[in-house]
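**Q** Submitted below is the structure of interest, expressed as structure tokens.
The values are calculated or read from the model by the stated rules, or taken from the named source; none is laboratory data. Bear in mind that the values here come from a model prediction, so they are computed numbers and not experimental data. Every residue, glycine as well, gets a Cβ built from its backbone with ideal geometry; the counts of neighbours run over all protein chains shown.
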Amino acid sequence: MASEQRLVRLWKTKRIQQVLSSHLASKDLISCRLVCRRLAVYLAPILFAYIEVRFRSSTFDKPSRMAALERIGVHIQAMTFKISHDKETFLPPILDPVMGTEESFIYTPQRCQLGGSSSRYGSRQMTELLVKQYPPLFHASTNVPSFVQALTMMSGLQHLRISCEGQAPSHRYRRSVVDYALISLRIATEQAPLKDLHTLCLFSVHPGAVLYLRPAPGFGASPASCKRWSQIRKLTTHMTSFGHEPGQSTDHLKLLHTYLGSFPSLQSLVFHWEGERGLSPLSLATEPSLNSTAKGKPTQACPQRCALPLRLLKSQHLQQMELVNATMDASQVASFIQEHRSSLREFNFESVVLRRGNWDDALAPLTRLSGGERWKRGRRDTDTVDVPIVLSPVGVSQKQLRRAICALQQHKSPSTLRSLAKAGSRTRELLWGSPDHMKRLLRSSVCSWW
């Protein structure tokens, strides 16, 4: 008992706790929980700070799992919600068993648990069809109260990650189990008391995901839906690219534009296009292909309705921005820098190709704001000098080279013999030591500036 108390007292030392938790593997920390009850209590916040949930039909419905989540939920700070597009999440058309015709299904999320006499999916007939024709994973994904119950147990959640990779291009216009799960997860995030949530990461999401993740107007949205997302200060999105050539549908880009406008307190934005290069999500309002519908042309989604021009996105608190694998104009880059000049501290354009203009034009606002072109210079001045390089002689043995060095030393003054001998020894080692002798020669003390 005394040894256990000393161990617990030692673990309570903050510095020792940080060092041990950073060097010990998770399985070792799990083993440490078996030492005594008090040590298990101190280790719980470290072991359960991050969890990964792979959504299955019994993830939030199994009582034993929910009981375990209730015990550790207070320690969870980051959660990754994973659900992949595969054959289990694919949903076939709903067919009438008598006529063989396809039935249309209009989904309305149920925010509260329904009684036994109520129909979960609208009419009793539609509920019976879905129960018979759709897999259990679909019914688990539409069980909004179970999602709300699970996230309510994670009251200290700060970082939410969502991953839904693997969608085939041919399924982009079909709704799957993944989409219904995203709706339930979004509603649960809005209803649960997640007052500390400040970071949202979307990894390998399909373009249609933002239709189900946007708070308003959205499936099951309420007037208070946007309040939770106004807490988000850091947003990271890795989205599968979608064609944006003339004549192709642009509805997914308009949805993305609307979705990014749901985060008024955003301070850090990271956006990656996966696959082909896409358009800049912050400059969609200036894209001609998206604004052509505002000139009296109907959209593809609503042929009888003319769209209004997109409003410019401006985040008043944006400090960091990173855009990867995109295509844009120099004027769009310059406009973005100019609009966010009061708050922007760091930006990174990686694998970004300019369609029109050059980078000098794109970064011209920096020259105007700084009053000159000093920002183009590096932090340290670079000195350029000419250094003679002696290559290894071809067809000369080490013995012949050694004789030549000795003959050269005899013609030198005694004051330089010692330094020349050291240099000759170092040169022989570099020239004959290994195949990459040139690299080491350039990094030697003779060329210390390299």
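**Q** Is it true that Leu91 is part of a helix (DSSP H, G or I), farther than 30 Å from Val74 by Cα and either free of Cβ contacts under 8 Å to residues at least 12 places away in the same chain or touching a Phe, Trp or Tyr at 6+ places or on another chain (Cβ under 9 Å) (or both)?
**A** no
**Q** Out of the residues in region 78-97 that are over 30 Å from Pro45 (Cα atoms) and hydrophobic (A, V, I, L, M, F, W, C), state the one that is surrounded by the most Cβ atoms within 10 Å (Cβ to Cβ).
**A** It comes out as Leu91.
**Q** Further question on the same structure: Against the condition at pLDDT 90 or above, touching a helix residue (DSSP H, G or I) at 6+ places or on another chain (Cβ under 6 Å) and either among the hydrophobic types (A, V, I, L, M, F, W, C) or buried (at least 18 other Cβ atoms within 10 Å of the Cβ) (or both), how does Thr59 come out, does it pass?
**A** No.
**Q** Only one of these is surrounded by 17 or more Cβ atoms within 10 Å (Cβ to Cβ), in contact with a strand residue (DSSP E or B) (Cβ under 7 Å, 6 or more places away or on another chain) and basic (Lys, Arg): Arg186, Arg161. Name it.
**A** It is Arg161.
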